[in-house]
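Structure first, then comments.
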Amino acid sequence: MNDDSLSRREALAAIAATVGVAACGTGDGDGPAGGSGRDADPDAGVGADRPIWVKDPSPFIRHGTNLESRLEDMHGLITPNELFFVRNHAPTPLIDAGSYVLAVGGSGAEREVRLGLDELRALPSQTLVAYIECAGNWRGFFRSVTGRTASGSQWGTGAVGCAEWTGPRLSDVLSLAGVRADAVDVNVIGLDEAGWARPMPLAKALDPDTILALAMNGVPLPPDHGFPVRVVVPGWVGSSSVKWVGGIEISTRKVWVKANTTSYVLVGDRWPADLYAPADGAPITAGRVKSALALPRPARLEAGPQRLRGFAWSPRGPVEGVEWSADGGPWARARLIGAHPALPHAWSRFELEWTATPGGHVLRTRATDAGGETQPLEGTHNEKGYLLNVALPHQVEVT
């Protein structure tokens, strides 16, 4: 890890930490139990008056500091804020909008700038519809589909959601600091107690669809989703869309932090560490094409005609098709809803008609995206349990 880059990151974090933050609790490792696969006490609070989340956690499945959505509760293109999953590396901080300052600088910047919330709101605004998915979504299925358990929070299918995000382009904010010709990386640093940070190549930071979101689904960002500012990096895994942004470092060197060295890296025989040093494996950027039924697990249905629905998404643009299969039978086309070139970063919905007969059944779906990638029928294990996108078996009991 580059000591010079790290010292700059720490300096920016120190500047950002001067804003009003009422956070606390302890940070965690790669998962809520430090990557052990065991969740922390889901009902634990932080101090007498400081809960882990601001939103009502009752609709969710709890995993330590995280809240997993239930896909069966979602019905439209947009996931309501109150049902959107929460992936926190520490309890949600409460940030005072009036004293908030975003510090932008670093060795790759011409100057350091400090921007308040009103100054960010005054910049030209971009609105996009994009899904965000935790890289560890589906981790709880590794044992059933690969025969080996992966470490970390044992997510089901609900660490994903799709929202409308509004705010200035990250490129416009960087331009205020001036980007030097030799700039390489842009590191985004959060104000949570974990100090979560995730760098990206300059080209990704300058992508017009990479934004600093100030609003989610038409209202100011809720605290659990990054108030007052989060970066949204469409197509990249959720850890890249840093919440509670307080510092941005433009660097003339490759930036190495926890999020691309020991966390959010693919570790296993297929990713020898010596090829990716100083990272422990292959750092993760984009997600993978996936689909899931909007049903409980296991599902219980009545015999007879059933119209089932689900969601499909891909980092490479709209999903072009979804197929489904029952009990290992032939694949049939599902009806795709909402896939459109104008919404390349959104997820799509699908429906299928199935005549359910009494007994136990296994349904599978598989999506194909605009680049021709289709979900595989077999999963590949990695130690930290990232990016599983096998055509997932879904058990259904019909009465």
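The values are calculated or read from the model by the stated rules, or taken from the named source; none is laboratory data. All values reported here derive from a predicted model rather than from experimental measurement. Note: ideal-geometry Cβ built from the backbone for every residue, glycine included; neighbour counts use all protein chains shown. The protein model used for the area step is the full one, side chains on, heavy atoms only, and it has no ligands, DNA or RNA in it. Shrake-Rupley method; radii C 1.70, N 1.55, O 1.52, S 1.80 Å.
With each run of n ≥ 4 DSSP H residues scored as -39500 (n - 2.57), what mean residue ellipticity at 222 nm is computed for the chain after dividing by its residue count and rounding to the nearest 500 deg cm²/dmol?
One gets -2500 deg cm²/dmol as the mean residue ellipticity at 222 nm.
Accessible area of segment 226-318 with a 1.4 Å probe: how many percent of it is carbon plus sulfur?
Carbon and sulfur together cover 50 percent of it.
Out of (1) 64, 25, 16; (2) 56, 24, 20; (3) 36, 21, 21, which label holds the value of semi-axes √(5λ) of the Cα gyration tensor in Å that was computed here?
(3)
For segment 169-186, just list the computed ³J(HN,Hα) in residue order, Karplus coefficients 6.51, -1.76 and 1.60, θ = phi - 60°, integers in Hz, with x standing in for Gly and Pro.
5, 4, 4, 5, 5, 5, 5, 5, 8, x, 9, 5, 5, 9, 5, 10, 10, 10
Quick check: residue separation of residue 373 and residue 397 times 0.36 nm, minus the Cα distance between them. What number comes out in nm?
Additional length available on full extension: 5.6 nm.
For residue 63, what residues show an amide H to amide H distance below 5 Å, using hydrogens built from the backbone and excluding near sequence neighbours?
68
Please build a GNM for the chain, connecting alpha carbons under 10 Å apart, and tell me which residue among 325, 69, 239 fluctuates the most.
Sorting by GNM fluctuation, first place goes to 325.
Residues with amide H under 5 Å of residue 55's amide H, sequence separation 5 or more or different chain, H placed in the peptide plane at 1.01 Å from N; which?
HN-HN under 5 Å from residue 55: 224.
So with the 1.4 Å probe, I'd like the accessible area per residue for segment 81-142, rounded to whole Å².
Here the per-residue accessible area is 34 Å².
Within 10 Å, count the other beta carbons around each residue, average over each peptide in 335-348, 382-395, and list them highest first.
Listed from highest to lowest mean packing, they are 382-395, 335-348.
Say we join alpha carbon atoms closer than 10 Å with springs in a Gaussian network model of the chain; which of 280, 269, 369 then has the biggest fluctuation?
Residue with maximal mean-square fluctuation among 280, 269, 369: 269.
What order do you get for 192-203, 125-136 when each peptide is scored by the mean count of other beta carbon atoms within 10 Å, highest first?
The densest-packed peptide leads the list: 125-136, 192-203.
Could you list the trypsin sites (Lys or Arg not before Pro) in segment 110-193 that lie in coil according to DSSP, counting only those with at most 16 other Cβ atoms within 10 Å of their Cβ?
Those satisfying the criteria are 111, 148, 180.
Only Cα pairs under 8 Å and at least 6 apart count here; give the relative contact order of segment 220-287 as a rounded whole percent.
With pairs under 8 Å counted, the relative contact order is 26 percent.
If the label point is 7 Å along Cα→Cβ of residue 331, which residues in segment 372-399 have backbone nitrogen under 13 Å from it?
372-378, 390-392
Which of the residue pairs 204/254; 254/290; 55/258 have a Cα-Cα distance greater than 23 Å in the structure shown?
Beyond 23 Å: 254/290; 55/258.
Label residue 58 and residue 144 with points 7 Å out from Cα along Cα→Cβ: what is the distance between them in nm?
2.8 nm
Helix 3-16 sits at what angle to the longest principal axis of the chain, using alpha carbons and giving 0 to 90 degrees rounded to 10?
90 degrees
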